[in-house]
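Since the structure comes first, as structure tokens, the remarks are kept for the end.
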Amino acid sequence: MDELALALDLLAIALWVLVGIPLAVACWRALRRVDRLLRENEAALDRIRERR
């Protein structure tokens, strides 16, 4: 039974590495893109305010 528990633990770790890390990277990239878009939007709003 201990071997089965160890195998399941190793399987869980392998799945976390195969799925969790790429998912974290994708989320990080998406957050960076949202941050960039928000900064661009803020700059555009500032330009509009300066015209008025």
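What follows is calculated from the coordinates using simple rules that are stated; it is not laboratory data. What you see is a predicted model; the values in this text were computed from it and never measured. We place every Cβ from the backbone using ideal geometry, glycine too, and count neighbours over all the protein chains shown.
Under a point-charge model restricted to the Cβ atoms of Lys and Arg (+1) and Asp and Glu (-1), what is the dipole moment magnitude of region 13-52 relative to its Cα centre, in debye to the nearest 20? Kindly include the intermediate steps, with their values, before the conclusion.
On the way: 9 positive and 5 negative charges, 38 e Å.
Charge dipole of region 13-52: 180 debye, to the nearest 20.
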**Request:** At 7 Å along the Cα-to-beta-carbon direction for both Arg36 and Ala12, put a label point, then send me their distance in nm to one decimal.
**Result:** 3.8
**Residue with peak Gaussian network fluctuation, the chain [Cα springs, cutoff 10 Å], from Leu31, Leu11, Leu23** = Leu11
**Fill in**
Using eta = 1.306 mPa s and T = 10 °C, Stokes-Einstein with Kirkwood Rh from Cα pairs puts D for the chain, in µm² s⁻¹, at 110
**Item:** Positive-end extreme of charge dipole, the chain - chosen from Ala5, Ala26, Trp16 (charges on Cβ)
**Value:** Ala26
**Asked** Between the helical axis of 21-51 and the dominant principal axis of the chain, each derived from Cα atoms, what acute angle in degrees is found, rounded to the nearest 10?
**Response** 10
